[in-house]
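S.K.: Take this structure first; my questions come after.
The values are calculated or read from the model by the stated rules, or taken from the named source; none is laboratory data. The shown structure was predicted, so the numbers you read here are calculated from the model rather than taken from an experiment. Methodologically, a virtual Cβ is constructed for each residue, glycine included, from the backbone with ideal geometry; neighbour enumeration extends over all protein chains shown. The accessibility values were calculated without ligands, DNA or RNA, using every heavy atom of the protein model including side chains. Shrake-Rupley method; radii C 1.70, N 1.55, O 1.52, S 1.80 Å.
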Amino acid sequence: PLYNGGARYAELKQSRVKIAQERLKVEQVASRVERQVRGRVDEIRVDLTALEAARRGAALAKKAQANAETLYTLGAATPLDVIDANLALFLADIENVRVSLQLEQARLGLMYVLGDFPPDDMGSSGNGLPTKEPAK
């Protein structure tokens, strides 16, 4: 019929509302992804700074440990001083490894957010989750 009581106008208006809703959803997703990417990039920057500080701390602990051993051989330090220096070096090395791991986790998080997560070679489906092997 030529005129159907405004049903076409109502359908057109309803379609426009649905399009606007979907555009809003797309904008929200884009905004959320942008926030996630920015957060991951900021996290990487912080972790890089922490890694540099951990490396400097490990270098200082290594020098302190060498100095303690030298002083011990000269008789100016006790075995406890050497043990403390060795412990400080050990803890600095652990901190260095911990911060390195944290940095790698932040990098992987960024890759995941960007959709560039590498598939592993251990039967993964490409999304970082293992696939179920059929029971034999």
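Per-residue answers, yes or no, for (1) modelled with pLDDT of 95 or more; (2) under 22 Å from Leu110 (Cβ atoms); (3) of a type in the set (Phe, Trp, Tyr):
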site: Arg8; (1), (2), (3): no, no, no
site: Glu11; (1), (2), (3): no, no, no
site: Lys18; (1), (2), (3): yes, no, no
site: Leu24; (1), (2), (3): yes, no, no
site: Ala30; (1), (2), (3): no, yes, no
site: Ala58; (1), (2), (3): yes, no, no
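S.K.: Residues of segment 67-96 being in a helix (DSSP H, G or I), without any contact (Cβ under 8 Å) to a residue 12 or more places away in the chain and farther than 25 Å from Gly109 by Cβ, which ones? Show your work before the answer.
M.R.: Of the residues in segment 67-96, the ones in a helix (DSSP H, G or I) are 67-74, 79-96.
Those still in the list that are without any contact (Cβ under 8 Å) to a residue 12 or more places away in the chain too: 70-74, 79-80, 83, 87, 90, 94.
Selection gives Thr70, Leu71, Tyr72, Thr73, Leu74, Pro79, Leu80, Ile83, Leu87, Phe90.
S.K.: Next question, about the same structure. Looking at Leu101 and the list (1) hydrophobic (A, V, I, L, M, F, W, C); (2) in contact (Cβ under 8 Å) with a residue 12 or more places away in the chain; (3) closer than 30 Å to Phe117 by Cα; (4) open to solvent by 70 Å² or more (accessible area, probe 1.4 Å), which single condition is not satisfied?
M.R.: Only one criterion in (1) hydrophobic (A, V, I, L, M, F, W, C); (2) in contact (Cβ under 8 Å) with a residue 12 or more places away in the chain; (3) closer than 30 Å to Phe117 by Cα; (4) open to solvent by 70 Å² or more (accessible area, probe 1.4 Å) is unmet by Leu101, namely (2).
S.K.: Look at Arg40 and say whether it is in contact with a helix residue (DSSP H, G or I) (Cβ under 8 Å, 6 or more places away or on another chain) and among the basic types (Lys, Arg).
M.R.: Spelling it out, Arg40 is indeed in contact with a helix residue (DSSP H, G or I) (Cβ under 8 Å, 6 or more places away or on another chain) and among the basic types (Lys, Arg).
S.K.: Restricting to segment 50-80, name every residue that is polar (S, T, N, Q) and under 26 Å from Val99 (Cβ atoms). Steps first, answer last, please.
M.R.: So the first thing to find is which residues in segment 50-80 are polar (S, T, N, Q), and the list is 65, 67, 70, 73, 78.
Passing the criteria: Gln65, Asn67.
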